[in-house]
Amino acid sequence: MSTQPPAATPTAPDKPQIVADSGTTVDLLAEGKALEFINLPLGKELTDVEALELAKSRPMQWIVLAGPIDSGKTTLLTSLYELFQWKKVKGFAFAGSTTLPAFEERCYLSRRDSGNVVPHTRRTLYEGPDPKYLHLRIRSTTGLRPFTDFLFTDVSGELFEHARDSVTECKEMLFLKRAHHFLLFLDSAKGVQQGRWAMADDCKALLRSCMDSEMIWEDCIVNVVWSRFDYFMAKEAEDGHKLFRNEVEKEFRKTFARLGPRLKFSQIAARPLEKPDLHMGYGVQALLDQWAATPLEMKARDLFPTSFSGLRESELFAARHFSSTTANEANE
Ligand SMILES: Nc1nc2c(ncn2[C@@H]2O[C@H](COP(=O)(O)OP(=O)(O)OP(=O)(O)O)[C@@H](O)[C@H]2O)c(=O)[nH]1
Ligand SMILES: [Mg+2]
């Protein structure tokens, strides 16, 4: 069974643009305008260094999407973007992105004009331990905290499969340390199948590896997300599914008791093909509300830690940045 999302609105922007703090919309491709913000290559997903550069200009919520291949990480991002284009988000409006073409590219295969009968998301390529990011800026329509900027990782599940079994590999994933929110995807498509405990155990092993390697910041919120939740909903009448989920959540609470209230659970169906009467982006608004309500207390030294041993461009950039901010602070 499949469902077609509405085609993109004709007004959907296809060029990087952003609403400035003054409230005016700025076309970042317009001559010279990009320099008013920051000198970034326009439109494509951001590298680690480019994301850090952007974070120097304004406070950011860093959101890491972690989980196995095919668990729905990228589709969460495309559905969030589409919900904003269709004006289906309560309390917030789209206020721009420096990575618009990257969002559009990821949405393409889910749209009718791609010629696909069943909406699809292309697999994210595995490109080593440095992530790519998508940027989104939103505006509150209720007046509180007018703008919030997000940087979302979009990395292949392959990276997390490497990290799951190795603290050393985990330590390579420097971006984890920046996360305000760490989303761990439990794939419900596997949750309704035999052998589902292996899926849950693998995700638990990944979180354990990230925590044992001390890559998760002490205030980071860890949200265990039952993704592609329509698989469960389509089979809700079958015995044992709810019990299974309860057992899994209990195990997580027990194993990661030290996270306390920072350990949360959610359910999403970003593209509910198995249960078409569910709306697109089921559960996504609840995540957004949670992110937008998070106080931004991360200090520069958390983004740019003091000890650097590596030679990766992002580490060198962070080292350079940190030494210049420290020098500036000393002169103040
Ligand atoms: N039924 C259903 N399918 C979904 C849902 N979300 C995503 N999918 C499908 O699941 C497949 C994988 O989704 P992706 O978003 O590419 O998964 P990913 O975690 O980014 O995968 P990698 O990039 O390979 O790590 C795609 O074919 C999507 O159409 C959902 O909520 N329900
Ligand atoms: Mg992906």
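Read the figures in this text as sums done on the coordinates, not as results from a lab. As the structure is a computational prediction, the values presented were derived from the model and not from experiment. In this analysis, Cβ positions are derived from the backbone assuming ideal geometry, glycine residues included, and neighbour counts consider all displayed protein chains.
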- Difference of contour (0.36 nm per residue) and Cα-Cα distance, ALA237 to LEU125: 36.6 nm
- Message: Could you tell me the calculated FRET efficiency between ALA205 and ARG262, based on Cβ-Cβ distance and R0 = 30 angstrom, to the nearest 0.05?
- Response: 0.95
- TRP217 to SER166: extension gain in nm, 0.36 nm per residue of separation minus the Cα-Cα distance? 16.5 nm
- Taking a cut-off of 21 Å between Cα atoms, list the lysines near LYS56, but don't count ones fewer than 8 places away on the same chain. LYS33, LYS44, LYS132, LYS177, LYS299
- Message: Nothing charged except the Cβ atoms of Lys and Arg (+1) and of Asp and Glu (-1): what's the magnitude of the dipole of the stretch 230-281 about its Cα centre? Round to the nearest 20 debye.
- Response: 480 debye
- Message: How would the stretch 17-298 be classified by its alpha-carbon gyration tensor: rounded, prolate or oblate, with rounded meaning a/c under 1.5 and the a/b versus b/c comparison settling the rest?
- Response: prolate
- Starting from the Cα of PHE244, step 7 Å toward the Cβ, then list every residue of the stretch 180-194 with an amide N under 16 Å from that point. 186-194
- Message: Can you return the lysines within cross-link range of LYS235? Criterion is Cα-Cα under 17 Å, with same-chain partners fewer than 8 residues away left out.
- Response: LYS190, LYS275
- Query: Taking the Cβ-Cβ separation of ASP289 and GLN193 as r and a Förster radius of 25 Å, what is the calculated FRET efficiency to the nearest 0.05?
  - Reply: 0.20
- Rounded, prolate or oblate: which fits the stretch 65-184 when a ≥ b ≥ c are the square roots of the eigenvalues of the alpha-carbon gyration tensor, with rounded for a/c under 1.5 and prolate only if a/b beats b/c? oblate
- Considering amide H positions built from the backbone, and no H for Pro or chain starts, which residues 5 or more places from PHE185, or on another chain, come under 5 Å of its amide H? ALA66, GLY67, VAL225
